[in-house]
Amino acid sequence: MNILLIYPEFPDTFWSFKHALSFVGKKAAFPPLGLMTVAGLLPEEWDKRLVDLNTRALRDSDMEWADYAFISGMIVQKAAAQRIIERCREHNLTIVGGGPLFTMEQDVFKDIDHLVLNEAEITLPMFLKDLEDDCAKRIYTSDQFADMAQTPAPHWDLIDQKRYQAMAIQYSRGCPFNCDFCNITSLLGKRVRAKQTDQILHELDTMYDSGWHGRVFFVDDNFIGNKRLLKEDLLPRLIKWRKDKKSITFHTEASIDLADDQELMNMMSEAGFDMVFIGIETPDECSLAECNKKQNNNRDLIEDVKRIQRAGMQVQGGFIVGFDSDKPSIFKRQIEFIQKSGIATAMVGLLQAPLGTKLYERLEEEGRIVGSGSGNNVEGTTNIIPAMDLERLHHGYREILNHIYAPRHYYERVRTFLREFRGPTVVAPTPWSEIKAFFRSMFKLGIAGKERWQYWKLVLWTSFRRPALLPLAVTLAITGYHFRRVCELHVR
């Protein structure tokens, strides 16, 4: 049996990092971890081929080789997934769909032969058994959650690592919080389930031995969902594992209560974590209460961010406008918060209501849902009827992005961050790809770019004030270029 695993292309969004990747000669930020893990659940004797459309084209020869096409993706990849389905249909290829996109919006995809939904560790064996017995059904679903001790290691041999900026690994699923706009708990539950540390170290060893010695992204939606387990088991062993692998660095996603635990922050930094994405959402207490973001309320959020930065981890932040509680002043407040916090990578989007969330259920009852969410955090669309006038909301949204990614304000924010940032506990050697990126940035940003004055000001400032952080400063300059290009191309 020949199985073609297909990952749809990402649109040009903040998360794609498309315009920054060109500086380091990479095609995509991360590999399709879900499909690589699914490959480990398929019979060993089956031949597998993975095509990530973010790194190469899907060829007719791929389709002619395959017996089945397995497609997975996220909501933001919906349009690209539809195009793949059409091509598979043209080649009379049997299609199997799974992952968050198909689990949340299964009714949209009428042309898929089999939908293997929810967690593949549970539903894929059901499908494979029926397939063997020649009685495969169209839909396989389960309300059970997988034991991650049974999750196989990803098949790293299916990808060309040189095409990616970082590798990806998953330690846990689930989140103890239940924010109204987030579908994580409906997909993966509130109870945090984790792999055994031996599994993680085995996956890292396999990755390292295959030749990957760079950045690794722990894709957990909330890496610190079980702090005790991290501090007692994973992090101590990860610190030990990394002692002779200084080139490996980690980043992940976490909740803001990370700032409450100095011991945890110190351990993460010592283990090689130098960046963490946190859903800040809004500085408005009423909006935080409205969306049940309890972990963010009654805090000095700016001081929390700076505490994490001082622990040696850069904070990337997610922000939302369009809550019912938002007043016209929210746009200026968001700008002020982002600038003062020194969050260079600030991803701002309009509130959307994904299927399966409490927000969707509430707004559907109120007659305020208009279609399904796009999952795109930059196109300025929403699937809800907001309390604020929609034209005013769009204007304020554009106002935020045009301000925070204007070169003067962005570079000012980078310096604010660099003043606060302690720097990682263990400094990894600078890879050759980043050295080449520096020279490319000198030309593209320092000579040809409209931000050239701000670029050289940052390089000189960092060289004299924080010389050890110069590679990071250049990386952030390149990241800012990506965000500005996305805003210029897509924010109207």
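Bear in mind that the values in this text are calculations on the coordinates, not laboratory data. Because the structure is a prediction, the values reported are computed rather than measured. Virtual Cβ from ideal backbone geometry, glycine too; neighbours counted across all protein chains shown.
Database remark: amide H of G349 closer than 5 angstrom to the amide H of F319, I320, V321 (H placed geometrically; neighbours at sequence offset of 5 or more, or on other chains; Pro and chain starts carry no H). How much of the pair distance distribution for the chain lies past 37 Å, counting alpha-carbon pairs only, in percent? The share of Cα pairs beyond 37 Å in the chain comes to 27 percent.
Rounded to the nearest 0.05, the FRET efficiency derived from the C-beta distance between E366 and R333 at R0 = 22 Å is 0.30. Once backbone amide H atoms are built at 1.01 Å from N, M275 has T252, Q314 as its partners under 5 Å, excluding neighbours fewer than 5 places away on the same chain.
Rounded to the nearest 10 degrees, the inclination of helix 407-420 to the longest alpha-carbon principal axis of the chain is 90 degrees. A simple rule links phi to the HN-Hα coupling: the Karplus curve 6.51 cos²θ - 1.76 cosθ + 1.60 with θ = phi - 60°, which for segment 11-20 gives x, 7, 10, 3, 6, 6, 6, 4, 6, 7 Hz, with x for Gly and Pro. Here is the short version for the chain: C88, C135, C175, C286, C291, C487 have no other Cys C-beta closer than 4.7 Å.
If R0 is 41 Å, the Cβ-Cβ spacing of M1 and N292 corresponds to a FRET efficiency of close to 0.35. Here the spin labels are modelled as points 7 Å beyond Cα on the Cα-Cβ line, and at R452 and R228 they lie 6.0 nm apart. Quick check on the chain: of the DSSP beta bridges with both residues there, what percent are antiparallel, nearest 5%? So the antiparallel bridges in the chain amount to around 5 percent.
Scanning residues 5 or more positions from T94 or on other chains, those with amide H under 5 Å from its amide H are A69, with H placed 1.01 Å from N in the peptide plane.
Using alpha-carbon pairs under 8 Å, 6+ residues apart, how would you state the relative contact order of segment 381-482 in percent? Intermediate results must be reported in sequence, preceding the final value.
Values: 43 pairs, mean separation 30.8, N = 102.
It comes to 30 percent, rounded to a whole number.
Multiplying the sequence separation of R163 and D67 by 0.36 nm and subtracting their Cα-Cα distance, what value in nm do you get?
Taking R163 through D67 to full extension adds about 31.9 nm, to one decimal.
Considered as an equivalent ellipsoid built on the Cα gyration tensor, segment 272-358 has semi-axes of 22, 15, 12 Å, the largest given first. Of V219, V315, V192, the sequence from fewest to most neighbouring Cβ atoms within 10 angstrom is V219, V192, V315.
How big is the C-alpha Rg of segment 2-140 next to the rule-of-thumb value 2.2 N^0.38 Å, as a ratio?
On the way: Rg = 14.9 Å, N = 139, 2.2 N^0.38 = 14.3 Å.
Its radius of gyration relative to the 2.2 N^0.38 Å reference: 1.04.
Take the Cα of E285, step 7 Å toward its Cβ, do the same at R59, and the gap between the two points is 6.2 nm. Output the 0 to 90 degree angle, nearest 10, between the alpha-carbon long axis of helix 390-404 and the longest principal axis computed from the alpha carbons of the chain. Taking Cα atoms only, the helix is inclined about 60 degrees. Each of S341, S210, S374, S22 was scored by other Cβ atoms within 10 Å of its Cβ. Listed from fewest to most, they are S210, S22, S374, S341.
Phi angles of segment 449-454 translate, via the Karplus equation with coefficients 6.51, -1.76, 1.60 and θ = phi - 60°, into HN-Hα couplings of x, 6, 9, 4, 5, 5 Hz per residue; Gly and Pro are given as x.
Note on D324 and R310: the extension gain reaches 1.6 nm, defined as 0.36 nm multiplied by sequence separation minus the Cα-Cα distance. The lysine pair tally for segment 74-216, using Cα distances under 30 Å and a gap of 8 or more places or different chains, is 13. Axis angle, to the nearest 10 degrees, between helix 120-132 and the longest C-alpha principal axis of the chain: 20 degrees. Spin-label pair R299-R419: with each label point 7 Å from Cα along the Cα-Cβ axis, the two points sit 2.3 nm from one another. Legend: calculated FRET efficiency, E412 to D134, from the Cβ-Cβ distance at R0 = 45 Å, rounded to 0.05, equals 0.10.
Pull out a ≥ b ≥ c, the square roots of the eigenvalues of the alpha-carbon gyration tensor of segment 405-468, then state rounded if a/c is under 1.5, prolate if not and a/b is larger than b/c, and oblate in the remaining case.
Numbers: a/c = 2.17, a/b = 1.18, b/c = 1.85.
Here segment 405-468 falls in the oblate category.
Stretched out straight at 0.36 nm per residue, the stretch from I385 to S142 would grow longer than its current Cα-Cα span by 84.3 nm.
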